[in-house]
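*Asks:* Take this structure first; my questions come after.
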Amino acid sequence: MKKYLIKYSIEFLVIVLGISISFWLNQITVDREIKQQRSKLLNNLIVEVDEIEKYCNDRLKIWNQDVEIYTILLKKNLDKEAIQKIAISKSRVEYNLIYYRDFSPPINRYVSAVNTGDLKYINSEGIIDALTRLHNQNLNMVKSTVEYEKSLKTNLISLMTSNYPKIILKGEDNNISMREYLDYVHKIISNDENIKSELLIQMSYYKTRVSFLKFYLITLEELKFALNREVKIN
């Protein structure tokens with residue numbers, strides 16, 4: 001009886017030990033896979049942050065130029081030399097008057113991580129917080145001004161095409177020089193209070209979107225710092 005008890009006890013211990021080792025090895029494999037997925041995700045997000053930063057810096061430069069062009073056009077005395085340093089062609093000025101600028105930073109990697117649930121691999125609350133603020137709060141703030149600007153452009157286009165269609169026609173006429181075109185546009189702005197007020201409202205939103213974009217870039221910098229720190233830890 002004692003002989004069988006020892007035998008079965010040893011067999012039981014062997015089974016338990018085998019299961020424990022198997023579980024331990026499996027856990028090592030799972031942990032390794034999680035670490036690999038986390039590292040891959042962090043590096044993908046770092047690449048995306050660099051892409052977003054480049055996109056935003058380009059946008060910030062153009063948006064500041066938009067403000068400068070309107071500022072010059074709205075002054076009593078037109079400084080054509082100053083505006084030609086920013087706008088090298090009539091189409092650049094015309095673009096300011098007619099078109100609105102969208103804001104669509106490259107966030108495909110983040111969206112993919114949300115859809116696949118890969119964000120669960122990130123342990124840092126700082127990274128999750130920065131991602132949430134960047135892609136929700138800050139992004140919505142910028143997009144809201146862009147959307148409102150779109151409606152303002154519709155009003156301005158209606159005013160110009162109804163009352164001053166030559167703004168468009170002269171912009172497309174290669175026989176009209178840049179300086180002649182600027183004189184014509186400035187004269188309209190100076191003499192028409194409706195046009196001038198629309199431009200003043202638009203410029204206010206131009207400045208607002210620049211401010212919101214700067215907040216976006218501040219959060220982006222926080223995210224970049226947190227991601228690089230986490231990569232070093234992992």
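*Asks:* What are the residues in region 215-228 that are of a type outside the set (S, T, N, Q) and closer than 14 Å to Ser39 by Cβ, if any?
*Replies:* Result: Leu227, single match.
*Asks:* Those residues that are surrounded by 13 or more Cβ atoms within 10 Å (Cβ to Cβ) and either of a type in the set (Asp, Glu) or farther than 27 Å from Thr154 by Cβ (or both), I need them from region 88-105; list them, please.
*Replies:* Within region 88-105, Glu94 is the sole residue that qualifies.
Results for (1) farther than 18 Å from Ile62 by Cβ; (2) surrounded by fewer than 19 Cβ atoms within 10 Å (Cβ to Cβ); (3) touching a residue at least 40 places away in the same chain (Cβ under 8 Å), shown as yes or no for each residue.
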position: His186; (1), (2), (3): yes, no, yes
position: Ser190; (1), (2), (3): yes, yes, yes
position: Ile195; (1), (2), (3): yes, no, no
position: Ile201; (1), (2), (3): yes, yes, yes
position: Thr208; (1), (2), (3): no, yes, yes
position: Ser211; (1), (2), (3): no, yes, no
position: Tyr216; (1), (2), (3): no, no, yes
position: Thr219; (1), (2), (3): yes, no, yes
position: Leu223; (1), (2), (3): yes, no, yes
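*Asks:* Follow-up question, since we're still on this one. In the list Tyr148, Tyr110, which residue meets the criterion of being in a helix (DSSP H, G or I), under 29 Å from Ile195 (Cα atoms) and in contact (Cβ under 8 Å) with a residue 24 or more places away in the chain?
*Replies:* Tyr148
*Asks:* Now, a different point. Would region 132-140 turn up any residue that is closer than 23 Å to Glu53 by Cβ, assigned to a helix (DSSP H, G or I), in contact (Cβ under 8 Å) with a residue 24 or more places away in the chain and among the aliphatic types (A, V, I, L, M)?
*Replies:* yes
*Asks:* Out of everything in region 183-217 that is closer than 17 Å to Leu97 by Cβ and β-branched (Val, Ile, Thr), what residue ends up being farthest from the chain's Cα centre (by Cα)?
*Replies:* Ile188
*Asks:* Can you work out which of the residues in region 48-74 that are touching a helix residue (DSSP H, G or I) at 6+ places or on another chain (Cβ under 9 Å) and surrounded by fewer than 14 Cβ atoms within 10 Å (Cβ to Cβ) is nearest to Ser144 (Cα to Cα)?
*Replies:* Asn57
*Asks:* Hey, among the residues in region 107-127 that are within 19 Å of the chain's Cα centre (by Cα) and surrounded by 14 or more Cβ atoms within 10 Å (Cβ to Cβ), which one's nearest to Ile62 (Cα to Cα)?
*Replies:* Filtering first and then ranking leaves Ile107.
Rule-based calculations on the coordinates, nothing more; no lab input. No experiment lies behind these values; they were computed from the predicted model shown. Reconstructed Cβ throughout: ideal geometry from the backbone, glycine too, with neighbour counts over all protein chains shown.
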